[in-house]
Structure formats: C-alpha cells, structure tokens
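This report concerns only the one structure given below.
The values are calculated or read from the model by the stated rules, or taken from the named source; none is laboratory data. All values reported here derive from a predicted model rather than from experimental measurement. When we count neighbours, we look across all protein chains shown, and the Cβ atoms used for this are built from the backbone with ideal geometry, even at glycine.
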Amino acid sequence: MKTELSLSTPAELATECLVTVALDHGDKDQPQPSIETADRSLRHAAAEVIANGEVTGKSFETTLLYNPANLKAKRLLIIGGGKAKSFSPFELRRVAGAAVRSLKARSIRSLAFLVPSNGLNVDSAVRAIIEGAFVGNFDPDTYKSDRKDQRIDAVTIVANGDHTRLGRALEEARIIGESQNFTRQLVNEPSNRMTPTALAEHAREMCADSGLKCEIYGAEKIKDLKMGAFWSVAQGSDEPPALVIMRYEPEDAPPKPMLGLVGKGITFDTGGISIKPADGMEKMKYDMAGGATMIGAMRALSLLRPRIRVIGIVCATENMPSGHAQKPGDVQIAMSGKSIEIINTDAEGRLVLADGLHYARQLGCTHLIDAATLTGACVVALGYVNAGVFANNDEMYQRFERARERAGEKMWRLPLDEEYKESIRSNIADIVNSGGRYGGAVTAAMFLKEFAEDTPWLHLDIAGTAWMEENKPWIAKGPSGIAVRSLVEFAKDFAG
Ligand code: BES
Ligand code: MN
Ligand code: ZN
C-alpha cells in the first residue's frame, strides 16, 4: 500500500474517497455529532445526513455519500469515532482500519483520510491512521481459489503541519504497519508450509533484504550448545528444528544496553505424547506467533534504525508425538544446567524459551523480552482482549508500559511473586515444566523467570491475542500481529 501526505484543502483533493471522522458528543449543549474538520465545503456536504440523524458518530458507523457537492472527491465516507471525550489515537487507529475494511469491500482502491481536528497531537494521529490502515488492509484468505484480492493500494493523509515532520511520522508508521503485516503473513501459513526450516528461511530472507546479520542453526548445533530443553521438544519431530539468530548492531549504538527478543516458534503444537484433543487442534499452527513477532519487530528496527543493539532469537520446532518423542517423567538438562522434570509434554513453549533466554544472556543481552503463545490459562484469565505481561523488573516494565500505550496495544500485567515458585518444585529435578491448572499463566512465567535469572526481563503471553477469533470492523479474523508495535516502540525509546 502506497502512503502519501497531503497538505491541500480537503475540498480540493481529487480522490476516490475522502474519509472524515464524526464524533458523538452526546450532551445537551451539543446533541449533534461533530464532523472533525474545519473545511467548510466538507461540513456543508455532511450537514444533511447529520441534521436528519443518519450520522450519530457511533464507533465504526459508516455513511457513504456519492458526488458530494463542492468537493473534488468522488465519494465522502463519514466514519464514526465514538464518544468525543474518550477519542484518542487508540480509537483513531481502529477507525482507520475500519474505513479501509469497509471501502476495500466496495472495490475502492484508494482513499484520503483527514486527520481529525479535535486536538489530538497531529504526529500521533498520522501514525495511528497509517498503522490502522495497514492493519485493516490485511486479509488471511491466501489459499482461496476465488480470492478477490480486494485491497487498498494507496492512502493519502490530509493534515496541517510541518511537512517534514509529519512525513517522517508517516514513513515510520508505514514501516511498522508493513512489519506487523509481515508477522501476520508468517503466522497465517499452515504448518505444512511453515515448517521450522521455512520459518528460518523467511527470517534469513528478511535479514538479507534489510541488512541484518542472520545465523541459522540446526539439530547438531542445538545439541552441541547443550540446549537440552529445546532439543527435548525437537527430538520428537521428523522436521528439523531451527535456532534463528538475527542481529541488529548499528555502529553508532553503544555496546550496552543490548536488547534480546526471544520468540516461541512452535510451528505446530500437537501437545506431543500429552496429546491435545482433536477439537481445535488446527489452530496450533499459530503457536509460532511469538517467533514471527520477533522477526517482524527485527524487520521494523532494521528499517527505522534506532541507536540500540538488538538480537532476535527464534526457537523453531514442531511439538510431535513419535517413537522419538520425550515422555512425561523424563528429565532434561537445560543449557543453563538446570534440570527439568517433564510433567506434561504439552508445556513445550517454556522448554524452548528456557534455552533461548539463556542463550540470549550468553550472547551479552542486558535486557530480555520474550513473546509466546504460552498458555491456555492466559486466555482463561484475560480472554482475547489483553495479552499477559510479566516482569522481573519494575523499571523495565514501566518503560514497556509507556511504549505499549503509544503503540495502542492492549496488555495487562500479571503477578510473578516468589510464592508461586512452590508450584514448579520437583521431587527428582530442579523444577517441573508444568505447575498444574491453577494460575497456569503465572507458573509458566515463573518457569521462564528461572532462565532470565538476574537479567531484567519481560514475558508476553500472547496465546489469546495472536489470533482474532472473529472479524472486527478494524481487523480481519486471523493473525493479529500483536506485540510487534509495542516491541518496536520499546526499542526506539530505549535508544533515546
Ligand atoms: N501452545 C499452547 C498454549 C495455547 C493455548 C496457545 C491456546 C494458544 C491457544 C501451549 O504449548 C500449551 O499447550 N500449554 C498448556 C500448558 C499446560 C500443559 C501446563 C496449556 O495451556 O494447556
Ligand atoms: Mn503445548
Ligand atoms: Zn505450545
């Protein structure tokens, strides 16, 4: 999708469709919704549908007018932004996605979006619209023979302000939006096409395109490195595993801090010998979403070029039952030397991450973030709305929290206190890999914490948020690309 900034008068803009936001004020003094532009011709064009009550400003309400008088645009889309009081870049991002989704379904190929005039910071408004438009432009129907391929090809942002500054905001948002969709593409692929080897090759190709160093290790190297936890999952599959290391090391960045991004890349999770029920198992193709998130984030960073070193690590393997598969009761020695009693072979994500996190520390990372579709318990706790965040360091959490807010993603912190440690105690080894049903998201995080040790670390459990369970006005059902934007914002902020 091409993106462009325009400082022209909205009424003078020749476009397939001009999009403007209507906000609901819902009070006695201002019973009517407002059209968020100062352009008089445009306000005039919308006056009738406002006066007759067709436009209310309700979230995602769409009203499409054809050949609006005194406008050069062929159409005018008035899209509801919800309550004026709570309207923020978060809502604007979704509204932009909804506009794209509603217009592309009508075979419209380009649009011009007016930055709302209601006092939002213009910079963040431009970013929100572009990011939201990219999110809305993605569809997962790759393998449909009658795929219509309805997409918006070009978005123009109509804004007032400094062209250079807004242009930079737009460019950055485009990189982030494209990277999020890159992640979504990887997650969308089925496991027969997105094997660990294929996932690693996509990472390699991305790195080659964007000037990142990339190393890919196979089974032999994983065993040589004594990654006993990672290998214990990989040993059960006929598909070779892959350990992907992507390095973004700008020369103008100080040696420290060095951020490590570690992703769970289970390209299919059958559960292994502790096999999952058949019902819904097809969804376990998205168990590599954490890994894809890191590949997308590395892509964005390589193009945005913040002054900070970042290493991206993806631990990619299938989790399969076979004659070679590990069994409940087995004891594995992780790369860090910790012994793990396998209670449930379906708790495999924490095993691959244990070695991924340890390896990141060994490579010199001073700060760690992992992302993983780690637990069903996180879905029970937070549903499909918020991702779970865990932290062993409050300062790092606070920084992340601000980045997450700017990125407009929903996540919620869950606890990690030592009292939970009891539930991962083993009789035969240092720890077990499953703490049982209660507090499952927390005990999984407690397990990972053992491998982050004293390095400041965040864990993002995206089990409930990496896959949209239904179509929403602003995003299609399917892979969401959650966490890419927050991670990129965090790294940018860390670079200062
Ligand atoms: N990949 C799953 C978690 C998951 C569940 C992701 C639902 C997305 C949607 C993970 O590997 C898993 O199987 N976790 C187990 C852990 C249990 C055995 C301790 C779970 O959550 O049931
Ligand atoms: Mn599992
Ligand atoms: Zn899994």
Strands (runs of 3 or more DSSP E) enclosed by the stretch 43-154 - at least 2 residues per element that are without any contact (Cβ under 8 Å) to a residue 40 or more places away in the chain: 62-66
Checking Ala99 against (1) surrounded by 15 or more Cβ atoms within 10 Å (Cβ to Cβ); (2) more than 30 Å from Asn471 (Cα to Cα), only one condition comes out false. Which one? (2)
Just to be sure before I move on: is Leu243 crowded, with 18+ Cβ neighbours inside 10 Å, over 21 Å from Thr375 (Cα atoms) and under 26 Å from the mean Cα position of the chain (by Cα) in the structure I sent? yes
Any residue in the stretch 262-279 that's farther than 13 Å from Gly236 by Cα: show its pairings with residues that are near ligand 1 (Cβ under 10 Å from one of its atoms) and in a strand (DSSP E or B) at Cβ separation under 8 Å, as long as the two are six or more apart or on different chains. Gly263/Ala372; Lys264/Ala372; Lys276/Asp269
For the stretch 259-301, which positions are crowded, with 24+ Cβ neighbours inside 10 Å and among the charged types (D, E, K, R)? Lys264, Asp269, Asp287, Arg299
Of Thr195, Thr164, Thr183, which residue is at pLDDT 95 or above, of a type in the set (Ser, Thr, Tyr) and closer than 18 Å to Arg299 by Cα? Thr183
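Taking the stretch 330-352, which residues are outside any loop (DSSP other than H, G, I, E, B) and within 15 Å of ligand 3 (Cβ to nearest atom)? Break it down stepwise before answering.
Initial filter on the stretch 330-352 (outside any loop (DSSP other than H, G, I, E, B)): 331-333, 339-341, 349-352.
Passing the criteria: Gly349, Arg350, Leu351, Val352.
Please determine, by comparing only the residues of the stretch 286-311 that are farther than 30 Å from Ile273 by Cα and in contact with a strand residue (DSSP E or B) (Cβ under 7 Å, 6 or more places away or on another chain), which one is nearest to ligand 3 (Cβ to nearest atom). Write out each step before concluding.
Kept after step one, since they are farther than 30 Å from Ile273 by Cα, are these residues of the stretch 286-311: 296-311.
From the residues that got through so far, the ones that are in contact with a strand residue (DSSP E or B) (Cβ under 7 Å, 6 or more places away or on another chain) too are 297-298, 301-302, 308-311.
Numbers: Ala297: 20, Met298: 22, Leu301: 26, Ser302: 28, Ile308: 30, Arg309: 29, Val310: 25, Ile311: 23 Å.
For the stretch 286-311, the residue satisfying everything is Ala297.
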Number of positions in the stretch 69-96 that are surrounded by fewer than 20 Cβ atoms within 10 Å (Cβ to Cβ) and over 28 Å from the mean Cα position of the chain (by Cα): 5
Of the residues Gly271, Gly337, Gly296, which is over 18 Å from the mean Cα position of the chain (by Cα) and away from ligand 2 (no atom under 14 Å from the Cβ)? Gly337
Is there any pair with a first residue in the stretch 364-388 that is assigned by TED's automatic domain parsing to the domain that holds Ala452 and a second that is β-branched (Val, Ile, Thr) and within 16 Å of ligand 2 (Cβ to nearest atom) whose Cβ atoms are under 6 Å apart and which are 6 or more apart or on different chains, and what are they? Ala371/Ile462; Thr373/Ile462; Ala387/Ile462
Restrict the check to the stretch 311-328 and report whether at least one residue is within 13 Å of ligand 1 (Cβ to nearest atom), hydroxyl-bearing (Ser, Thr, Tyr) and closer than 23 Å to Gly218 by Cβ. yes
Residue satisfying all of: in the stretch 433-462; within 15 Å of Asp355 (Cα to Cα) and within 10 Å of ligand 1 (Cβ to nearest atom); nearest to the chain's Cα centre (by Cα) among these: Ala444
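Return the residue satisfying two criteria in turn: it lies in the stretch 186-231 and is assigned to a helix (DSSP H, G or I) and among the hydroxyl-bearing types (Ser, Thr, Tyr), and of such residues it is nearest to Glu348 (Cα to Cα).
Within the stretch 186-231, the first condition is being assigned to a helix (DSSP H, G or I), and the residues that meet it are 186-188, 196-210, 219-224, 228-231.
Still in the list and also among the hydroxyl-bearing types (Ser, Thr, Tyr): 197, 210.
Numbers: Thr197: 18, Ser210: 31 Å.
Among them, the one singled out is Thr197.
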Looking at Met396, Met446, which is the one that is modelled with pLDDT of 95 or more, assigned to a helix (DSSP H, G or I) and crowded, with 21+ Cβ neighbours inside 10 Å? Met446
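Restricting to the stretch 399-420, name every residue that is outside any helix (DSSP H, G or I) and either surrounded by fewer than 18 Cβ atoms within 10 Å (Cβ to Cβ) or more than 15 Å from the chain's Cα centre (by Cα) (or both).
If the condition is that a residue be outside any helix (DSSP H, G or I) and either surrounded by fewer than 18 Cβ atoms within 10 Å (Cβ to Cβ) or more than 15 Å from the chain's Cα centre (by Cα) (or both), then Lys410, Trp412, Arg413, Leu414, Pro415, Leu416, Asp417 are the ones that fit.
When you go through Asp355, Asp417, Asp394, Asp430 one by one, which is the residue that is within 16 Å of ligand 3 (Cβ to nearest atom) and assigned by TED's automatic domain parsing to the domain that holds Pro257? If you could, list the steps in order and put the result at the bottom.
Values: Asp417 fails: within 16 Å of ligand 3 (Cβ to nearest atom); Asp394 fails: within 16 Å of ligand 3 (Cβ to nearest atom); Asp430 fails: within 16 Å of ligand 3 (Cβ to nearest atom).
Result: Asp355 is the single residue among Asp355, Asp417, Asp394, Asp430 that is within 16 Å of ligand 3 (Cβ to nearest atom) and assigned by TED's automatic domain parsing to the domain that holds Pro257.
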Those residues of the stretch 156-194 which are within 22 Å of the chain's Cα centre (by Cα) and among the aliphatic types (A, V, I, L, M) amount to Ala169, Leu170, Ala173, Ile175, Ile176, Leu186, Val187, Met194
Specify which of the listed residues (Gly337, Gly291, Gly280) is within 11 Å of ligand 1 (Cβ to nearest atom) and assigned by TED's automatic domain parsing to the domain that holds Leu363. Gly280
Do any residues in the stretch 1-29 that are without any contact (Cβ under 8 Å) to a residue 60 or more places away in the chain and closer than 25 Å to Arg94 by Cβ have Cβ atoms under 6 Å from those of residues that are of a type in the set (Val, Ile, Thr) and assigned to a loop (DSSP other than H, G, I, E, B), where the two are at least six apart or on different chains, and which pairs are they? Ala22/Val55
Members of the stretch 31-42 that are outside any loop (DSSP other than H, G, I, E, B) and polar (S, T, N, Q): Ser34, Ser41
Only one of Gly439, Gly481, Gly435 that is in contact (Cβ under 8 Å) with a residue 12 or more places away in the chain and within 16 Å of ligand 3 (Cβ to nearest atom): Gly435
